[in-house]
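Down below is the structure, laid out as structure tokens.
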Amino acid sequence: MRKIEYSETDQRGLDSVEPLWLKLNKHHKSRSRHFKNYFKNYTFETRKQGLLEKSHQGTMHIGLATDANTGKLVGYCISTISGSHGEVDSIYIEKEYRYSGIGSNLIKKAIAWMDKMSVSKRIVAVAAGNEEAFGFYARYNFYPQMNILEQIQ
Ligand SMILES: CC(C)(COP(=O)(O)OP(=O)(O)OC[C@H]1O[C@@H](n2cnc3c(N)ncnc32)[C@H](O)[C@@H]1OP(=O)(O)O)[C@@H](O)C(=O)NCCC(=O)NCCS
């Protein structure tokens, strides 16, 4: 049986999620109808800088899930707080580890962190094409509120 170990860190953990983030970006690219090029050109460095700019010291939370038998990182969840708004910015679980509660454990830790930080509003942006994730978020009371359309330039 798989044993998963959980840990929590801040922006210092960002670099460790790069291999999984690259898989998430590929996942978004494969599902996107109009923005394949956007995901094709999106780099981890750009994403990392965006997250660092968005959060100040102490306002980023990273939950990590590691397979205790292999020592490999199998899931992560990055959240930030800007002002009084919390955002689940990025979450990814390795395909063969899904549907076993890891995503739930990580999002619960992110929400607990936001509770502790007295965040008034919590959001998550779901890329168009990735609506299959709605069912997961609905379990934590996140529902679609608005569709943002972006002009392709
Ligand atoms: C979405 C994701 C993070 C969920 O992680 P997970 O570890 O598989 O989730 P859990 O096992 O904790 O599932 C919790 C519940 O959500 C449901 N769920 C999980 N993924 C789901 C999905 N894609 N669609 C609908 N329901 C889903 C599960 O059925 C489970 O319900 P149950 O307990 O009644 O069976 C994972 O599927 C993933 O990494 N997907 C690819 C990347 C992605 O889409 N990330 C989100 C970017 S916005």
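The values are calculated or read from the model by the stated rules, or taken from the named source; none is laboratory data. Keep in mind the model is a prediction, meaning the values are calculated, not measured. Because the Cβ atoms are built from the backbone with ideal geometry, glycine has one as well, and the counts that use them run over all protein chains shown.
See the values below:
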item	result
Ala128 being within 16 Å of the chain's Cα centre (by Cα) and part of a loop (DSSP other than H, G, I, E, B)	yes
Flag for Ile81 being more than 13 Å from the ligand (Cβ to nearest atom), β-branched (Val, Ile, Thr) and under 17 Å from Lys23 (Cβ atoms)	no
Count - residues of the range 78-87 that are out of contact with any Lys or Arg (no Cβ under 7 Å at 6 or more places or on another chain) and closer than 17 Å to Ser7 by Cα	2
Near pairs, Cβ below 8 angstrom, 6+ apart or cross-chain, from the range 130-153 (within 15 Å of Leu106 (Cα to Cα)) to any residue that is surrounded by fewer than 10 Cβ atoms within 10 Å (Cβ to Cβ) and modelled with pLDDT of 95 or more	Tyr137/Tyr143
Filtered residues of the range 89-113 (kept if within 12 Å of Phe136 (Cα to Cα), among the β-branched types (Val, Ile, Thr) and part of a helix (DSSP H, G or I))	Ile102, Ile107
Only listed residue being in contact (Cβ under 8 Å) with a residue 24 or more places away in the chain and farther than 19 Å from Ser16 by Cα, chosen from Ile111, Ile107	Ile111
Selection from the range 83-121 of residues that are over 16 Å from the mean Cα position of the chain (by Cα) and of a type in the set (S, T, N, Q)	Ser84, Ser100, Ser118, Ser120
